[in-house]
Each structure stands twice: as C-alpha cells, then as structure tokens.
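J.: Structure incoming, see below.
The values are calculated or read from the model by the stated rules, or taken from the named source; none is laboratory data. Please read these numbers as outputs of a predicted model, since none were measured by experiment. Please note: Cβ atoms are built from the backbone with ideal geometry, for glycine as well, and neighbour counts cover all protein chains shown.
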Amino acid sequence: MANFTVPVGEHTIKIDTSSWNGNEEIMYNDTVVSQKRSFMYLTPHSFTVEENGESVVYEVNTITGVTSHGFIVRRNGIILAHQP
C-alpha cells in the first residue's frame, strides 16, 4: 500500500493505493471524492470542488505496479505534483 499527501494551497489531497487488492482512494480535505478498484498501471480519477467561490476540476492519475506506486495531480489541467 502506498500513501501520498499533496498540499494544494490551504487544501490537502491524499492518495491511497494498494497493489494487493487494487483499491484506490482519493481524499480532498479528509473527504473521499473518488474510489476505484483497478489493477491497471494507470487509473484516472477526477472530481470537482469549489474553492474561493470558483469551480475547480482536479484530475488524479494513480500509477500502480507490483513494486512501484506514483501519481500525477492536475488542477484545471495544470500539473501540480507528481511522483516519480
């Protein structure tokens, strides 16, 4: 299981993935916004939230393999963070 935390201004995105059971969970400020079960190498998640009166679209791609995990986080199409 891999856990990642990505700070986005005053907000936090948490990414939990497991290569054992394929469960993936994305949390925004401790609220689950996306859950999927996947054994694919790359799994897309997306959600929309309101920040400062503005609608914001986040895209989180989880990268899950037997020996490695990673992610890409985009906010309104712009990459904010990634690993590796």
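J.: Go through the stretch 12-33 and report how many residues are of a type in the set (Val, Ile, Thr), modelled with pLDDT of 95 or more and surrounded by 14 or more Cβ atoms within 10 Å (Cβ to Cβ). Break it down stepwise before answering.
T.: Residues of the stretch 12-33 that are of a type in the set (Val, Ile, Thr), as a first pass: 12-13, 15, 17, 26, 31-33.
Subsequent filtering for residues that are modelled with pLDDT of 95 or more retains 12-13, 15, 26, 31-33.
Subsequent filtering for residues that are surrounded by 14 or more Cβ atoms within 10 Å (Cβ to Cβ) retains 13, 15, 26, 33.
Summing the residues that are of a type in the set (Val, Ile, Thr), modelled with pLDDT of 95 or more and surrounded by 14 or more Cβ atoms within 10 Å (Cβ to Cβ) in the stretch 12-33 gives 4.
J.: Look through the stretch 14-34, keep the residues that are within 21 Å of His82 (Cβ to Cβ) and either in a loop (DSSP other than H, G, I, E, B) or in contact (Cβ under 8 Å) with a residue 60 or more places away in the chain (or both), and return whichever of them is farthest from the chain's Cα centre (by Cα).
T.: Ser19
J.: Which one is modelled with the highest pLDDT among residues in the stretch 35-84 that are of a type in the set (Phe, Trp, Tyr) and over 10 Å from the mean Cα position of the chain (by Cα)? I'd like the intermediate steps shown before the answer.
T.: The first filter runs over the stretch 35-84 and keeps only residues of a type in the set (Phe, Trp, Tyr), leaving 39, 41, 47, 58, 71.
Next, only the ones that are over 10 Å from the mean Cα position of the chain (by Cα) stay: 39, 41.
On the way: Phe39: 77, Tyr41: 84.
Ranking the candidates gives Tyr41 first.
J.: Would you confirm, using the coordinates I've provided, whether Ile79 is assigned to a strand (DSSP E or B), aliphatic (A, V, I, L, M) and surrounded by 13 or more Cβ atoms within 10 Å (Cβ to Cβ)? Explain how you work it out, then say what you get.
T.: Details: assigned to a strand (DSSP E or B): yes; aliphatic (A, V, I, L, M): yes; surrounded by 13 or more Cβ atoms within 10 Å (Cβ to Cβ): no.
No: the conditions fail for Ile79.
J.: Does Gly9 meet the test of being small (Gly, Ala, Ser), under 14 Å from Ala81 (Cα atoms) and surrounded by fewer than 15 Cβ atoms within 10 Å (Cβ to Cβ)?
T.: So Gly9 passes the test.
J.: Residue check: is Thr48 on the phi < 0 side of the Ramachandran plot, outside any strand (DSSP E or B) and surrounded by fewer than 15 Cβ atoms within 10 Å (Cβ to Cβ)?
T.: Answer is no for this residue.
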